[in-house]
1. Against the conditions (1) crowded, with 18+ Cβ neighbours inside 10 Å; (2) modelled with pLDDT of 85 or more, where does residue 217 fall short? Just the number, please.
2. Can you spot a residue in the range 261-282 that is assigned to a helix (DSSP H, G or I), modelled with pLDDT under 90, on the phi > 0 side of the Ramachandran plot and surrounded by fewer than 18 Cβ atoms within 10 Å (Cβ to Cβ)?
3. Which condition from (1) within 19 Å of residue 129 (Cβ to Cβ); (2) modelled with pLDDT of 90 or more; (3) out of contact with any helix residue (DSSP H, G or I) (no Cβ under 6 Å at 6 or more places or on another chain) is the one that residue 58 breaks?
4. Suppose we filter the range 55-96 for residues that are in a helix (DSSP H, G or I) and in contact (Cβ under 8 Å) with a residue 40 or more places away in the chain; how many remain?
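The values are calculated or read from the model by the stated rules, or taken from the named source; none is laboratory data. Note that the coordinates shown come from a computational prediction; the quantities given were computed from them, not determined experimentally. Using ideal geometry, Cβ is built from the backbone for each residue, glycine included, and neighbour counts are taken over all protein chains shown.
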């Protein structure tokens with residue numbers, strides 16, 4: 001299944017879960033209230049999250065004269081990707097990492113840490129930048145916002161189980177056990193789907209980024225270094241923004257069933273797919 005088809009399927013599954021939970025708990029009215037609440041919160045995040053995130057990590061805007069080689073690299077790759085040159089920021093952290101943010105290609109930013117500029121060679125850094133530009137070109141911030149809106153709405157609906165008929169035993173046949181199960185299981189299911197969407201978009205950005213820079217092995221080599229660097233120097237990052245980074249800023253990937261709650265796919269699998277692309281000559 002292609003990355004685009006997988007993302008489409010997961011988004012449809014998330015919407016179906018929202019409709020099911022809404023019908024069981026709140027009916028049409030409950031669904032509308034929960035969706036509007038989640039939409040309001042995420043609308044604010046969609047428009048202002050880039051400024052908030054960059055401020056949170058102390059990101060500083062870079063001028064061309066400060067880092068001409070990096071600037072020219074981003075500008076060249078943005079032209080290949082067919083998007084405007086994004087704003088460029090540097091994060092004062094020694095962990096090698098990077099992320100892209102912004103609501104669309106015309107209002108986007110790429111942030112790199114001091115550590116990634118020092119650790120990677122030019123070829124590897126191009127692979128990382130191309131990956132981030134792929135996120136921008138593919139409107140992944142918008143996709144993530146929509147997923148978060150629906151997942152948040154499901155959580156609100158589940159919380160309504162406490163005060164709507166499904167959450168209490170009364171003359172309308174409410175069931176406390178069913179309400180508690182809905183309260184616990186529905187948000188977990190929504191989170192699992194949301195995390196699966198995030199992982200699918202990472203795979204897509206790897207593939208598209210490799211095509212933008214024309215060198216899948218460059219990104220594969222970079223990912224090896226970034227994973228090792230993140231494990232050696234975990235970042236004091238917010239879990240709410242961890243999905244934006246090239247690799248998990250917390251260092252190390254969850255294994256077993258906990259990997260289902262991870263925002264990033266296993267780095268080893270990302271590398272394997274990139275190496276397969278290189279073997280196919282893509």
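1. If we test residue 217 against (1) crowded, with 18+ Cβ neighbours inside 10 Å; (2) modelled with pLDDT of 85 or more, just (1) comes out false.
2. Taking the range 261-282 as the starting set, the residues that turn out to be assigned to a helix (DSSP H, G or I) are 261, 267-279.
Within this subset, residues satisfying the condition of being modelled with pLDDT under 90 are 261.
Filter once more, so that each one left must be on the phi > 0 side of the Ramachandran plot: none.
Checked against the condition, which is being assigned to a helix (DSSP H, G or I), modelled with pLDDT under 90, on the phi > 0 side of the Ramachandran plot and surrounded by fewer than 18 Cβ atoms within 10 Å (Cβ to Cβ), the range 261-282 yields no hits at all.
3. It fails just one condition, (1).
4. Just the residues of the range 55-96 that are in a helix (DSSP H, G or I), to begin with: 55-56, 68-81.
Filter once more, so that each one left must be in contact (Cβ under 8 Å) with a residue 40 or more places away in the chain: 56, 69-70, 73-74, 77-78, 80-81.
Going through the range 55-96 one residue at a time, the tally reaches 9.
Every residue, every condition in (1) touching a strand residue (DSSP E or B) at 6+ places or on another chain (Cβ under 6 Å); (2) modelled with pLDDT of 75 or more, yes or no:
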site	(1), (2)
107	no, yes
115	no, yes
120	no, yes
135	yes, yes
139	no, yes
146	no, yes
152	no, yes
165	no, no
